[in-house]
1. Return B:142, A:56 ranked ascending by Cβ neighbour count within 10 Å, so the fewest neighbours appear first.
2. Counting Lys and Arg as +1 and Asp and Glu as -1, each charge on the Cβ, what is the dipole of the protein assembly as shown about the Cα centre in debye, to the nearest 20?
3. Could you calculate the FRET efficiency of residue B:20 with residue B:89 from 1/(1 + (r/R0)^6), where r is the beta carbon distance between them and R0 is 51 Å, rounded to 0.05?
4. Starting from the Kirkwood radius over alpha-carbon pairs of chain B, derive D by Stokes-Einstein at 10 °C in a medium of 1.306 mPa s and give it in µm² s⁻¹.
5. What distance in nm lies between label points placed 7 Å from Cα along the C-beta direction at residue A:29 and residue A:82?
6. For region A:1-74, with only Lys/Arg (+1) and Asp/Glu (-1) charged at the beta-carbon, what is the dipole magnitude about the Cα centre, in debye rounded to 20?
7. Grab the beta carbon distance between residue B:125 and residue A:40, set R0 = 45 Å, and tell me the FRET efficiency rounded to 0.05.
8. Against the globular-protein guess of 2.2 N^0.38 Å, express the Cα radius of gyration of region B:34-97 as a ratio, rounded to two decimals.
Amino acid sequence: MQLFPCPFCGPRSESEFHFGGDAGNHRPEGFRAVTDGEWSNYLHARNNPRGAANEIWMHMTCGEVFRMERDTVHHRVARSFAPGEGDGHDGMAH
Amino acid sequence: MLDVSSKWRPEPDWALARLSGPGITICPVTGLTQRLVSGDVDRFLARYDLGRDVGALGLALGERYAVRVARDRLLVVGVSPAELADGWHDEGWAVTTVSAALRVVEARGEGIRDLLARGTTLDPDDPGPCAAMSFAGMMATIYGHAEAGTLRIHVDRGLASYLWEWLECQPLLGGIGEPAPR
Ligand SMILES: [Zn+2]
């Protein structure tokens, strides 16, 4: 079992969390102006890094959605950010 | 013909249901008024004189208290709809009555630490500010009540039957890995 830090609840089992995709992968704005390529990139292209990853996660029991920096090789979590934390770089569209 | 009725057992009689093992007894708690309050929780706590909110494994006192279940949400017990109406309040919170949505069981005795170890992955010495957690694979709200050694567990009503069966199976409660006959 791995522990993830929910910015509100603190360390909890990974089984309480749900993956929310790459941080910063915001839905393209502009409706008809959005090209097929942009839409396809938003839906399907993933960063899938080896090493440092920057991701959105949800803590299912409290509902908090947050950004987490972790490493996909050794699984160390660098830190998690509460919504609005980190100079606005919480990875979410506001 | 496929008979799916045998897949599920009838709900226990909540008025009579009771489980016990060495150092622990578990019984349902019925009739609690339960409300979800979302929004400015600190202001709400002050306005209704509820003191501090109760976090994971924290100790709630009396019949009227608030348990923290998210950054911006409380499960409030014992505050009636006559005192606090459902819906949006301009002071900064929204209220929903969930009395019928959640079932509550109470465990007593020194065995509750073992029960927590069995049902959760929480560190009992550093449980954190939020009482919402996974218990036996379900979303639950868990805290102490009235005295150390008493634990209240709220789960979705539809999962209460499963919770009871899970409890019946626990060696801690004399179970042998199978639910007791009903
Ligand atoms: Zn959380």
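Values quoted throughout were computed directly from the atomic coordinates according to the rules given, and no laboratory measurement underlies them. These figures come from a predicted structure and were not determined experimentally. Backbone-built Cβ (ideal geometry, glycine too); neighbour counts: all protein chains shown.
1. Details: B:142 26, A:56 19.
Listing B:142, A:56 from fewest to most nearby Cβ atoms yields A:56, B:142.
2. On the way: 27 positive and 37 negative charges, 83 e Å.
Result for the protein assembly as shown is approximately 400 debye, rounded to the nearest 20.
3. On the way: r = 43 Å, r/R0 = 0.84.
Approximately 0.75, to the nearest 0.05.
4. Details: Rh = 17.2 Å.
It comes out at roughly 92 µm²/s.
5. Each label point lies 7 Å from its Cα, and together they span 2.6 nm.
6. On the way: 7 positive and 10 negative charges, 7 e Å.
Value, rounded to 20: 40 debye.
7. Numbers: r = 49 Å, r/R0 = 1.09.
In this case the efficiency is close to 0.35.
8. Working: Rg = 10.6 Å, N = 64, 2.2 N^0.38 = 10.7 Å.
Region B:34-97 yields a ratio of 0.99.
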